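Data first, discussion second: the structure below is written as structure tokens.
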Amino acid sequence: MQRTDIRNIAIIAHVDHGKTTLVNQLLVQNGIFRTNEQVVDRVMDSGDIERERGITILAKNTSVNYKGVKINIIDTPGHADFGGEVERILSMVDGVVLLVDAVEGCMPQTRYVLKKALGLSKSVVVCVNKIDRGGDPDQVIDQVLDLFLELGANDEQIDFKTVFASGKQGWATMDPTKPGTNMNPLLDTILSEIPAPEGDMNNGLQTVMCNIDYDEYVGRIGIGKITRGKIKSGQQAVVCHRDGTTTQVKIAKLYVFEGLKRVECEEAGMGDIVAISGIEKLNIGETICDVDKIEPLPFVAIDEPTLSMMFIVNNSPFAGKEGKFVTSRHIRARLFKEVETNVSMRVEETESPDSFKVFGRGELHLSILIETMRREGYEFQVSRPKVIYKEIDGVKCEPIEDLVIDVPDDYVGAVMSKVGARKGELKKMDPDGRGGTRLEFSIPSRCLIGYRSEMLTDTRGYGVMTHVLSGYEPYKGDIPERNRGSVVAFEDGVSTTYGLFNAQERSTLFIGPGVKVYEGMIVGENSREEDLPVNVCKEKHLTNCRSSGADDALKLITPTQMSLEQCLEFIKDDEWVEVTPKSIRLRKVILDKAERMRQAARAMRNS
Ligand SMILES: Nc1nc2c(ncn2[C@@H]2O[C@H](COP(=O)(O)OP(=O)(O)OP(=O)(O)O)[C@@H](O)[C@H]2O)c(=O)[nH]1
Ligand SMILES: [Mg+2]
């Protein structure tokens, strides 16, 4: 049977193309907020880090009722690093709304998410969004059509319907020359184009868990679409684990999504997206079945991680001073808990009980975990991210990314030469529709590490870059490393104006005076290739007569504040980032200068 009273959709797009804003408008216009309730912008971006950064990290469920139909909507993250989220969410829906920014057009992640949707045979409604910004809607539709063709869409898929919208202003229209008055044209298109869920209502229960949430009161919550049968709260059921084993469980509570709330219900059936509590050991990809009809469904394979990084127990001289959770046991437990829900992340133990190897889909994927952990009170150190090589037919292969950079014309030369030096191959060069140039490259993932901040400097902050994994290719050869060394504190102490002043001529400093440092801590970037040990704590010797004004003359340049991402991009193989709830410090792995030199000499002899 078909549940014509339901539609299940996901909103997919490249980062920042307006998914969360559009979902917000759908909620507002369908009476989700009370009349006098203050409407928050992008209410679905509910996590602290999501709100601070204005990006979606976790996919979230919501729903609206429109013309007697319940439309379950899943807002997905657009950033490539969270692509794993999008992939598994797609198995919960029957169709997608693909948003494309009217000005930016198709971007790398547009291609990635569309490919996944088409691959899983989902119906697609295309929505050219942010139409209030101008742009050329016809050109965008051409681009989208090209993308469908390139991705091998079938005839039915190519026959997609297009809606034009301004999610921000809250209207959609079928005719780009005539602004609309509300979002209804989009909702009507969803009703007519996205198929209602279809299946057997009167057979044994079957539902795959596509998302795991956690609630303080009820504990672990599994979210999935019921593909067959009915489910009742309190009933007995069987969980089929991914390793083939099964566990008998009781469905403690059952919920459906209504607007922004999870609402408890007694019963739900085929086609409904439900949340289930009461099952402790429930993981993503596992099927819940009827006791009498145990038939697990296969789960969509998720793309493999591309980067790895070591998480190491903090052993710096300042260890244990700022964090609540500092031991190997704490860090181990936290990391293994993370991978239960963060499907595209992996953790491995190493020979040392104090280090763990964490695999993720990109720098942001890993750095969000680091940021989340430090906010929770953890303290640890991380190493430089490394790409994961794969052997394909006996050949060492490496991950390759599609890279798109939009820059004002003046900076095209700088970008081309830098990306070229990093083994980027120029694929396309077009006007970007905003008076600048769009450059498209293919580049090894490894060569992109550390490039973002360099690109921003080179383009005075005007460049915008995005990249997404395109596949694996044979290793492209070595590239030159960061050609600047680190400024390294010489001894333990507190930095002084006098000490820093001597260093700043030769370097860019990351700290100001009055900062506690330890021997081997990195306090800046040297302008030359080698590391520069500096006594940043040096006091000026006092003389009997005060020399007038001499100290005032010591003017320090404002230190560069390094964000977590910048630190991760900055460090070399022999350096770590020390992360605590209060500080982010950079350090040499070997703190003792003499020991560092001995090791370096040994490495030279051996090479
Ligand atoms: N001009 C204009 N700006 C918009 C529109 N929709 C969204 N924006 C802006 O675009 C930015 C990104 O919007 P979001 O809704 O967070 O985009 P998103 O696709 O959810 O982003 P991610 O979840 O991080 O991928 C915000 O600054 C919005 O204010 C629109 O229709 N017109
Ligand atoms: Mg969003």
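Quick check: anything in the stretch 42-61 in the same structural domain as residue 132 (by TED's automatic domain parsing), of a type in the set (Lys, Arg), in a loop (DSSP other than H, G, I, E, B) and within 16 Å of ligand 1 (Cβ to nearest atom)?
Residues of the stretch 42-61 that are in the same structural domain as residue 132 (by TED's automatic domain parsing), as a first pass: 42-61.
Checking the rest, the ones that are also of a type in the set (Lys, Arg) come to 42, 51, 53, 60.
From what is left, the residues that are in a loop (DSSP other than H, G, I, E, B) are 42.
Filter again for within 16 Å of ligand 1 (Cβ to nearest atom), leaving 42.
Within the stretch 42-61 (the criterion being in the same structural domain as residue 132 (by TED's automatic domain parsing), of a type in the set (Lys, Arg), in a loop (DSSP other than H, G, I, E, B) and within 16 Å of ligand 1 (Cβ to nearest atom)), the answer is yes, since at least one residue qualifies.
So, in the stretch 478-499, how many residues would count as being in contact with a Pro (Cβ under 9 Å, 6 or more places away or on another chain) and either small (Gly, Ala, Ser) or part of a loop (DSSP other than H, G, I, E, B) (or both)? Let's see the steps before the verdict.
Looking only at the stretch 478-499, we keep the residues that are in contact with a Pro (Cβ under 9 Å, 6 or more places away or on another chain), and these are 479, 487-490, 492, 494-499.
If we keep only those that are either small (Gly, Ala, Ser) or part of a loop (DSSP other than H, G, I, E, B) (or both) too, we end up with 479, 489-490, 492, 495-496, 499.
Matching residues across the stretch 478-499 total 7.
Take the conditions more than 12 Å from ligand 1 (Cβ to nearest atom) and of a type in the set (D, E, K, R) and apply them to residue 75. Does it pass? Don't jump to the end; show me each part of the working.
Working: more than 12 Å from ligand 1 (Cβ to nearest atom): no; of a type in the set (D, E, K, R): yes.
Here the answer is no, as residue 75 does not meet what is asked.
Where strands (runs of 3 or more DSSP E) fall wholly inside the stretch 307-379, the ranges with 3 or more residues that are of a type outside the set (Lys, Arg) and either in the same structural domain as residue 90 (by TED's automatic domain parsing) or surrounded by 21 or more Cβ atoms within 10 Å (Cβ to Cβ) (or both) are 307-313, 355-360. Any chance the stretch 17-36 includes a residue that's within 13 Å of ligand 2 (Cβ to nearest atom), among the small types (Gly, Ala, Ser) and surrounded by fewer than 19 Cβ atoms within 10 Å (Cβ to Cβ)? Scanning the stretch 17-36, I find no residue that is within 13 Å of ligand 2 (Cβ to nearest atom), among the small types (Gly, Ala, Ser) and surrounded by fewer than 19 Cβ atoms within 10 Å (Cβ to Cβ), so the answer is no. Report yes if residue 204 is small (Gly, Ala, Ser), at pLDDT 90 or above and not in a strand (DSSP E or B), otherwise no. For residue 204, the condition - small (Gly, Ala, Ser), at pLDDT 90 or above and not in a strand (DSSP E or B) - is met.
Residues of the stretch 114-143 that are buried (at least 20 other Cβ atoms within 10 Å of the Cβ) and β-branched (Val, Ile, Thr): 124, 125, 126, 128, 131, 140. Scanning the stretch 160-185 for residues that are over 29 Å from the mean Cα position of the chain (by Cα), more than 13 Å from ligand 1 (Cβ to nearest atom) and in a strand (DSSP E or B) turns up just one, 161.
The set of residues in the stretch 427-446 being farther than 14 Å from residue 415 by Cβ, under 20 Å from the mean Cα position of the chain (by Cα) and not charged (D, E, K, R) consists of 444, 445.
Residues of the stretch 174-187 that are surrounded by 20 or more Cβ atoms within 10 Å (Cβ to Cβ) and polar (S, T, N, Q): none at all. Filtered by the rule that a residue be under 23 Å from the mean Cα position of the chain (by Cα), among the β-branched types (Val, Ile, Thr) and closer than 16 Å to residue 242 by Cβ, the stretch 197-224 gives a lone residue, 212. Residues in the stretch 265-304 that are touching a residue at least 24 places away in the same chain (Cβ under 8 Å), more than 15 Å from residue 230 (Cα to Cα) and in a loop (DSSP other than H, G, I, E, B): 16 in all. The C-beta contact set for the stretch 52-63 (first residue under 15 Å from residue 89 (Cα atoms) and free of Cβ contacts under 8 Å to residues at least 40 places away in the same chain, second residue more than 10 Å from ligand 1 (Cβ to nearest atom) and of a type outside the set (Phe, Trp, Tyr), distance under 8 angstrom, 6+ apart or interchain) comprises 58/47; 58/85; 60/46; 60/74.
Scanning the stretch 454-489 for residues that are surrounded by 20 or more Cβ atoms within 10 Å (Cβ to Cβ) and within 26 Å of residue 530 (Cα to Cα), we see that the one that is nearest to the chain's Cα centre (by Cα) is 455.
Among the residues of the stretch 128-140, write down those that are over 23 Å from the mean Cα position of the chain (by Cα) and outside any loop (DSSP other than H, G, I, E, B). First the steps, then the outcome.
Going residue by residue through the stretch 128-140, those that are over 23 Å from the mean Cα position of the chain (by Cα) are 128, 131-140.
Within the stretch 128-140, 128, 131, 132, 133, 137, 138, 139, 140 meet the criteria.
Of the numbered criteria (1) among the basic types (Lys, Arg); (2) within 16 Å of ligand 1 (Cβ to nearest atom); (3) closer than 30 Å to residue 4 by Cα, the one residue 122 fails is (2).
The values are calculated or read from the model by the stated rules, or taken from the named source; none is laboratory data. All values reported here derive from a predicted model rather than from experimental measurement. Quick reminder, even Gly has a Cβ in these numbers, built from the backbone with ideal geometry, and neighbours come from all protein chains shown.
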